[in-house]
1. Output the number of the condition that Lys57 fails; it satisfies all remaining conditions of (1) in contact (Cβ under 8 Å) with a residue 12 or more places away in the chain; (2) in a helix (DSSP H, G or I).
2. Go through the stretch 35-49 and give me each residue that's open to solvent by less than 60 Å² (accessible area, probe 1.4 Å) and on the phi < 0 side of the Ramachandran plot.
3. Scan the stretch 20-73 residue by residue and report those that are β-branched (Val, Ile, Thr) and under 12 Å from the mean Cα position of the chain (by Cα).
4. Looking at (1) over 30 Å from Glu21 (Cβ atoms); (2) in contact (Cβ under 8 Å) with a residue 40 or more places away in the chain; (3) open to solvent by less than 30 Å² (accessible area, probe 1.4 Å); (4) not hydrophobic (A, V, I, L, M, F, W, C), which is the only condition Ser73 fails?
5. Sort through Arg52, Arg93, Arg102, Arg117 and tell me the only one that's in contact with a Lys or Arg (Cβ under 8 Å, 6 or more places away or on another chain) and either surrounded by fewer than 15 Cβ atoms within 10 Å (Cβ to Cβ) or not small (Gly, Ala, Ser) (or both).
6. What about Lys24, is it touching a Phe, Trp or Tyr at 6+ places or on another chain (Cβ under 9 Å), of a type outside the set (A, V, I, L, M), surrounded by 13 or more Cβ atoms within 10 Å (Cβ to Cβ) and in a helix (DSSP H, G or I)?
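The values are calculated or read from the model by the stated rules, or taken from the named source; none is laboratory data. A quick note: this is a predicted structure, and the numbers were derived from the prediction, not measured. Positions of Cβ are generated from backbone atoms using ideal geometry, with glycine treated the same way; all protein chains shown enter the neighbour counts. Heads up: the accessible areas ignore ligands, DNA and RNA and are worked out on the full protein's heavy atoms, side chains in. Shrake-Rupley method; radii C 1.70, N 1.55, O 1.52, S 1.80 Å.
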Amino acid sequence: MRNMIIILSVIFALTACQPSEDEKAQTLMAKIETLYQKGHYKEALDSISVLREKHPKAIESRKRALKLWQMASLKMVQEDIGKTDSALQAQTRLFDKATSLREKNFLGIKKDSLQIRYDALCGTVRIIHKRQQE
């Protein structure tokens, strides 16, 4: 009985000294937060994928990373919306100035493509906002 208590005490002491999964993931989480703050959203998303792969049991770190994932994704999509909107406006102006039917058809295809992209990006923003509220 006494040996059993000693063995259990040694096992408890050994397991108590090991860092938790969240502690192991802490350096990677700090890197992710730094990347996000500096506006390196793609790199932050890539690092979050690495965190998920290397530390699947780091629950608290993964919860924080999920929020950063959503915010970084939102920022990237918003930047893309701005670029797409500018291109769409320029294409619309060119379409309105076009004189020949051939030119209008060609510019119309580009304009429609940009409009579809713009609508899809706006849908992505709505989905991210909905997920953030959950």
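1. For Lys57, the failing item is (2).
2. Here is the first cut: in the stretch 35-49, the ones open to solvent by less than 60 Å² (accessible area, probe 1.4 Å) are 35-36, 39, 41, 44-45, 47-49.
The answer is Leu35, Tyr36, Tyr41, Ala44, Leu45, Ser47, Ile48, Ser49.
3. Step one: filter the stretch 20-73 for residues β-branched (Val, Ile, Thr), giving 27, 32, 34, 48, 50, 59.
Result: Ile32, Ile48.
4. Against the list (1) over 30 Å from Glu21 (Cβ atoms); (2) in contact (Cβ under 8 Å) with a residue 40 or more places away in the chain; (3) open to solvent by less than 30 Å² (accessible area, probe 1.4 Å); (4) not hydrophobic (A, V, I, L, M, F, W, C), Ser73 comes up short only on (1).
5. Working: Arg93 fails: in contact with a Lys or Arg (Cβ under 8 Å, 6 or more places away or on another chain); Arg102 fails: in contact with a Lys or Arg (Cβ under 8 Å, 6 or more places away or on another chain); Arg117 fails: in contact with a Lys or Arg (Cβ under 8 Å, 6 or more places away or on another chain).
Sole residue among the options that is in contact with a Lys or Arg (Cβ under 8 Å, 6 or more places away or on another chain) and either surrounded by fewer than 15 Cβ atoms within 10 Å (Cβ to Cβ) or not small (Gly, Ala, Ser) (or both): Arg52.
6. Details: touching a Phe, Trp or Tyr at 6+ places or on another chain (Cβ under 9 Å): no; of a type outside the set (A, V, I, L, M): yes; surrounded by 13 or more Cβ atoms within 10 Å (Cβ to Cβ): yes; in a helix (DSSP H, G or I): yes.
Against the criterion (touching a Phe, Trp or Tyr at 6+ places or on another chain (Cβ under 9 Å), of a type outside the set (A, V, I, L, M), surrounded by 13 or more Cβ atoms within 10 Å (Cβ to Cβ) and in a helix (DSSP H, G or I)), Lys24 does not qualify.
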